[in-house]
1. What's the magnitude of the charge dipole for the stretch 72-139 around its Cα centre, counting Lys and Arg as +1 and Asp and Glu as -1 at the beta-carbon? Answer in Debye, nearest 20.
2. Leaving out ligands and nucleic acids, note down the accessible area per residue over the chain with a 1.4 angstrom probe, in whole Å².
3. Just reorder ASP175, ASP115 by solvent-accessible area, largest first, 1.4 Å probe, all chains present.
4. Solvent-accessible area of SER17, probe 1.4 Å, all protein chains present, reported in Å² to the nearest ten, please.
5. Between the alpha-carbon centers of the stretch 254-298 and the stretch 155-182, tell me the distance in whole angstrom.
6. Given a 1.4 Å probe and heavy atoms of the protein chains only, how would you sort ILE203, ILE321, largest accessible area at the top?
7. Which whole number in µm²/s is D for the stretch 133-181 by Stokes-Einstein, with the Kirkwood Rh taken over Cα pairs at 25 °C and 0.890 mPa s?
8. Of the DSSP beta bridges with both residues in the chain, give the percent that are antiparallel, rounding to the nearest 5.
Amino acid sequence: MRALVQPRFGDPSEVLSVQEVPDPEPGPGQALVRVLLSPIHNHDLWTVRGSYGFKPEMPARAGTELVGVVEALGEGVDGLTVGQRVATGGTFGAWAERVVAPAAGLTPVPDGISDEAAAQLVSMPFSAIALLDFLEVSEGDWIVQNAANGAVGRLVAQLAAARGVNVLGLVRRSDGVGELREQGIERVVATDDDGWRERVREIVGEAPVVAGVDSVGGTSAGDVVSLLAEDGVLVVFGAMASPTMEISSGDVIFKQVVIKGFWGSKVFPAMARDKRAALMGELVTGIASGTLTLPVEKVYGLDEIADAARASAAPGRRGKILLRP
């Protein structure tokens, strides 16, 4: 079968190529899945570069999330059937024609959800809802997040609205405000505008901002912290611009700000099974009803991975880049 393989760490547009690899066979407790679509996530590209927390041995496959169809079941697998459509967000090597995955980690996809949405069902949406849950905010609270026009930022805004939580979004480009408005996401401020802090106060008023999410790093992390109320919490989710956060010590000291990290690989395994099921049910309901949207920018073939990787990193992208084997 065909799969994307990298011989070394490096630029995804340079080191990934399509190669012929042996067809996988499911073992006990596993399922063989024919891949329909697989998204490109930032953490996938960071893994290819060798800059993520998970570093595979070389040569390595790539990609982690997919929607596909079950083609065969290993010994002892219950609850799945051949021909069933499933999604998974933790199957390394997803950028291929077929994968073998633990059956327990596969999520059946309801008929009302498209392949394009199902391909994105687990990683980003579940990260977003788990992140919102991690913030421990209540109806009526205010939170602030940068990278508001990123995949997780858009999802957090939509999920929070459904829960009655107010979200102030920060973007680095003025164009981002209009892009989010087209998706029905308001209360967004562009920090490239000199008067952005005044605009924040017009939106939030005197309400305390109890929590913030930083996905950018650098001075953007400091912008988020500067807006937090006393005893506010900053959750660090990513580092799109810089691995170093530039935060005022005065904000941390005098406002008693607490800073915590969020990594799905640590948070998800520690989550109770009933909690995971409840959050996933909330996601499926939101996607099926249309209140939660998962837009797609473009679909590429595996042999177009160089163009796809560049497109995924391009500014102004309004949806996910997907790969179709």
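The values are calculated or read from the model by the stated rules, or taken from the named source; none is laboratory data. Just so you know, these numbers come straight off a predicted model, no measurement behind them. Cβ: placed from backbone, ideal geometry, glycine included. Neighbour counts: every protein chain shown. Note: areas computed on protein heavy atoms with side chains; ligands, DNA, RNA excluded. Shrake-Rupley method; radii C 1.70, N 1.55, O 1.52, S 1.80 Å.
1. My answer is approximately 240 debye.
2. Value returned for the chain: 45 Å² of accessible area per residue.
3. So the residues, ranked largest to smallest area, are ASP175, ASP115.
4. The accessible area comes out at roughly 50 Å².
5. Value for the Cα centre distance between the two parts: 16 Å.
6. Largest accessible area first, the residues go ILE203, ILE321.
7. 223 µm²/s
8. Roughly 50 percent of the DSSP beta bridges within the chain come out antiparallel.
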